[in-house]
Amino acid sequence: MKHRVLVIGVGSIGERHLRCFQATGRAEVSLVEVNESLRGTIAERYKVANAYAGLDTAPPDAGGVAVVCTPAHLHIPMAQKLAERGTHVLIEKPLSITSNGVDHLIRTVAEKRVTAGIAYVYRANPVLADMRRATLDGRFGRPVEFIFVGGQHFPTFRPAYRQIYYTRHETGGGAIQDALTHIFNAAEWLIGPTDRIVCDAAHQVLEGVTVEDTVHAVTRHGSVMGSFALNQHQAPNDISITVVCERGTARYVLAESRWKWMTDPKPGTPWTEEPVVPMERDTWFINQANAFLDAVEGKAPVLCPLAEGLQTLRVNLAALESARTSAWVRIAR
Ligand SMILES: NC(=O)c1ccc[n+]([C@@H]2O[C@H](COP(=O)([O-])OP(=O)(O)OC[C@H]3O[C@@H](n4cnc5c(N)ncnc54)[C@H](O)[C@@H]3O)[C@@H](O)[C@H]2O)c1
């Protein structure tokens with residue numbers, strides 16, 4: 001039996017979720033979209049029979065599962081309404097732009113016994129999952145340092161950036177809430193929750209916006225030290241995540257779609273490369289859709305539970321505060 005999946009907001013990422021849930025072969029997809037012409041275009045493109053103008057006009061049984069793909073300031077009220085109806089809910093990142101309403105949502109999710117997750121899609125990447133297993137298993141000894149370096153040319157990947165949520169912090173915009181939040185969440189998955197952060201952020205290059213497009217952050221996760229350098233304007237589309245452990249170093253390189261490791265410090269020693277896993281961007285999202293449906297069916301835990309999405313939301317907010325004050329910010333749990 002197929003799951004009835006309601007995708008809410010079929011802009012850039014909503015269209016991808018819609019396509020990727022269809023690709024699982026396990027979903028009968030409907031959609032909600034306020035923009036009338038987009039609603040018609042996407043419904044026609046993916047042969048979606050039921051396309052609604054708003055969540056309130058969709059029948060309560062339109063989806064046993066919903067995917068919330070609207071801008072971040074709308075995530076909590078929508079997820080709250082859905083959870084109250086008993087709908088399982090996968091919410092796009094970041095969970096929200098403040099922590100308002102999150103505790104209420106967590107209580108409702110527990111009371112209604114619905115499955116809820118945050119779509120931090122790095123957790124659906126099998127290469128990074130493999131590197132995580134190796135480091136958590138203690139293969140290289142205790143992790144001591146996490147280093148992220150990354151950037152991409154946002155105007156190339158998201159030409160509409162001046163017209164969408166990205167332009168304002170209040171709608172989930174800026175490099176911290178838009179892009180770096182993925183890595184904050186991946187770091188917590190790999191090396192544990194963030195205790196404190198200090199962050200420098202500025203608008204350096206992107207035309208037509210004033211939000212930060214360049215961020216440097218330093219973090220602490222228990223005894224593990226973290227550092228993050230990200231921009232959204234460089235030409236190379238580069239992402240690497242390095243976990244330095246006591247007896248070895250593991251590195252994930254997005255452009256190579258593999259991870260590699262080194263334990264021998266002798267100069268000239270090459271990295272030992274794990275196999276390349278060829279992946280389209282959609283592959284991550286199809287994996288994530290399958291994982292969420294597995295969780296709904298009780299076959300597997302949710303990849304990123306609500307509580308871990310809330311923890312990363314606190315890191316986003318602490319990073320924004322630190323960027324304003326230039327001071328370390330402790331993250332309360
Ligand atoms: N996981 C990822 O890699 C990734 C990538 C891009 C965006 N996102 C996240 O996904 C969310 C949406 O981003 P996007 O890039 O798709 O934005 P977008 O602006 O392209 O799409 C949002 C859509 O929601 C619709 N919408 C707004 N209010 C609505 C409402 N009340 N009911 C129904 N539809 C409504 C808009 O009309 C628009 O089509 C953001 O939270 C963003 O951070 C995640």
For the stretch 57-172: relative contact order, % (alpha-carbon pairs under 8 angstrom, 6 or more apart): 25
Is there a quick way to get the dipole size of the stretch 204-255? I mean about its Cα centre, with the Cβ of Lys and Arg at +1 and of Asp and Glu at -1; what is the value in debye to the nearest 20? 340
As I understand it, the value is the acute angle between the Cα axis of helix 126-136 and the longest principal axis of the Cα atoms of the chain; what does it come to in degrees, rounded to 10? 50
Taking the square root of 5 times each eigenvalue of the Cα gyration tensor, what semi-axes in Å does the equivalent ellipsoid of the chain have, largest first? 33, 22, 20
Pick from 152, 311, 177 the residue whose mean-square fluctuation is largest in a GNM of the chain, springs joining Cα atoms under 10 Å. 152
Considering Cα pairs under 8 angstrom that are at least six residues apart, work out the relative contact order of the stretch 38-96 and quote it in whole percent. 30
The extension gain from residue 255 to residue 98, computed as 0.36 nm times the residue separation minus the Cα-Cα distance, is 53.2 nm
Once you sort the root eigenvalues of the Cα gyration tensor of the stretch 183-333 as a ≥ b ≥ c, which label holds: rounded (a/c under 1.5), prolate (a/b larger than b/c) or oblate (the other case)? rounded
Mind telling me which of 65, 205, 296 comes out most flexible in a GNM of the chain, alpha-carbon contacts under 10 Å? 205
Treat each spin label as a single point 7 Å out from the Cα along the C-beta direction, and report the residue 57 to residue 168 distance in nm. 2.4
Using only the Cα atoms of the stretch 106-147, what do you get for the radius of gyration and for Dmax, in Å? 15.6, 42
Just name one of 190, 120, 278: the one whose Cα is farthest towards the positive end of the charge dipole of the chain (beta-carbon charges, Lys/Arg +1, Asp/Glu -1). 190
Looking at 291, 313, 252, which one has the Cα that reaches farthest to the positive end of the dipole of the stretch 246-333 (charges on Cβ: Lys, Arg +1; Asp, Glu -1)? 313
If one takes the longest principal axis of the Cα atoms in the chain, at what angle in degrees, from 0 to 90 and to the nearest 10, does the Cα axis of helix 102-112 lie? 60
Let's see if you can work this out: charge +1 on each Lys and Arg Cβ, -1 on each Asp and Glu Cβ, no other charges. What is the dipole magnitude of the chain about its Cα centre, in debye to the nearest 20? 520
Go ahead and run the numbers for FRET between residue 324 and residue 1, Cβ-Cβ distance against an R0 of 45 Å, rounding to 0.05. 0.35
Reach of residue 112 by Cα under 17 Å, taken over lysines that are not fewer than 8 positions away in the same chain: 81
Could you check the simple spin-label distance between residue 240 and residue 272, using points 7 Å along Cα→Cβ, in nm with one decimal? 1.9
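In what sequence do 105, 317, 82 fall when counting other Cβ within 10 Å, fewest first?
Numbers: 105 24, 317 19, 82 28.
Ordered by Cβ neighbours within 10 Å, fewest first: 317, 105, 82.
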Which value, in debye to the nearest 20, describes the size of the charge dipole of the stretch 235-333 about its Cα centre when Lys and Arg Cβ atoms bear +1, Asp and Glu Cβ atoms bear -1, and nothing else is charged? 440
Can you give the angle from 0 to 90° between the axis of helix 12-23 and the longest principal axis of the chain, with both taken from C-alpha atoms, to the nearest 10? 80
Selected from 197, 42, 286 as most flexible by GNM, with the chain as the system and alpha-carbon contacts under 10 Å: 42
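Bear in mind that the values in this text are calculations on the coordinates, not laboratory data. What you see is a predicted model, and the numbers here were worked out from it, not measured in a lab. All Cβ positions, even for glycine, are placed from backbone atoms using ideal geometry, and neighbour counts span all protein chains on display.
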